[in-house]
Amino acid sequence: MANVVPFSFGTSLLSGHHDFANGGNTFKLALYTAGSGAPYTTSSTVYSSGVANEVGTGSGSQYSTGGNTLTSQAVANQTNVATVDFADTVWGSPTPATFSAAYGVIYNSSTVDSTANRLVVVLDFGGTKSCSNGTFTITFPNPASGTPAGSDAIISITS
């Protein structure tokens, strides 16, 4: 599987339901095990804590249901490519973590027009990634890199 952008994201974006500017909406990243495959499809619309295979919260995992809040949101224009970037996010600091994940889901946890947890993108890690009594870090790509500039951003729109 490759990364998935739910069909609802475009409509939500153009309807003003996502504000990626720093201080805008709150975005989170939830993690999922391989289990029965990707946790969401192109027809999915919102994050739900009831979706199977979200990383467990017990046995020293240091993972909380719903994942981490993403910080340092930045919107920029990289040579006619609009980009969104976040600071890297870490589980297992200062207390070491132990878990595995194969997918990540970025979603908007802010309530806009009576709806919270709108999906943004489902990330396929290309296999199961693990940490054992250490840290699990999601490193977001530099939006200024790539050819053309901006093409490596976690979210980009070419104009």
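All of (1) at pLDDT 95 or above; (2) in contact with a Gly (Cβ under 6 Å, 6 or more places away or on another chain); (3) not acidic (Asp, Glu) hold for ASN53 with one exception: (1). Out of all the residues in the stretch 85-99, which are open to solvent by less than 60 Å² (accessible area, probe 1.4 Å) and either among the aliphatic types (A, V, I, L, M) or closer than 18 Å to GLY66 by Cβ (or both)? Correct list: PHE86, ALA87, THR89, TRP91, GLY92, ALA97, PHE99. Annotation note: Cβ proximity below 8 Å between a residue of the stretch 1-23 that is without any contact (Cβ under 8 Å) to a residue 60 or more places away in the chain and under 26 Å from THR128 (Cα atoms) and a residue that is assigned to a loop (DSSP other than H, G, I, E, B) and open to solvent by 80 Å² or more (accessible area, probe 1.4 Å) (sequence gap 6+ or interchain) occurs for PHE7/SER43.
The residues in the stretch 125-159 that are over 16 Å from the mean Cα position of the chain (by Cα), modelled with pLDDT under 85 and in a loop (DSSP other than H, G, I, E, B) can be counted, and the count is 9. Please work out which one of (1) in a loop (DSSP other than H, G, I, E, B); (2) over 14 Å from the mean Cα position of the chain (by Cα) is the condition SER8 fails and give its number. Only one criterion is unmet by SER8, namely (1).
In the stretch 42-59, the qualifying residues are those that are among the small types (Gly, Ala, Ser) and open to solvent by 40 Å² or more (accessible area, probe 1.4 Å), and the one that is farthest from SER132 (Cα to Cα) is SER43. Given (1) closer than 30 Å to THR158 by Cβ; (2) at pLDDT 95 or above; (3) under 14 Å from the mean Cα position of the chain (by Cα); (4) surrounded by 13 or more Cβ atoms within 10 Å (Cβ to Cβ), identify the lone condition not met by PRO39. Failing condition for PRO39: (2). Scanning the stretch 1-35 for residues that are closer than 26 Å to ALA102 by Cβ and of a type in the set (D, E, K, R) yields a total of 1.
The values are calculated or read from the model by the stated rules, or taken from the named source; none is laboratory data. Note that the coordinates shown come from a computational prediction; the quantities given were computed from them, not determined experimentally. Using ideal geometry, Cβ is built from the backbone for each residue, glycine included, and neighbour counts are taken over all protein chains shown. When the accessible area is computed, the model is the full protein with side chains, heavy atoms only, and any ligands, DNA or RNA have been set aside. Shrake-Rupley method; radii C 1.70, N 1.55, O 1.52, S 1.80 Å.
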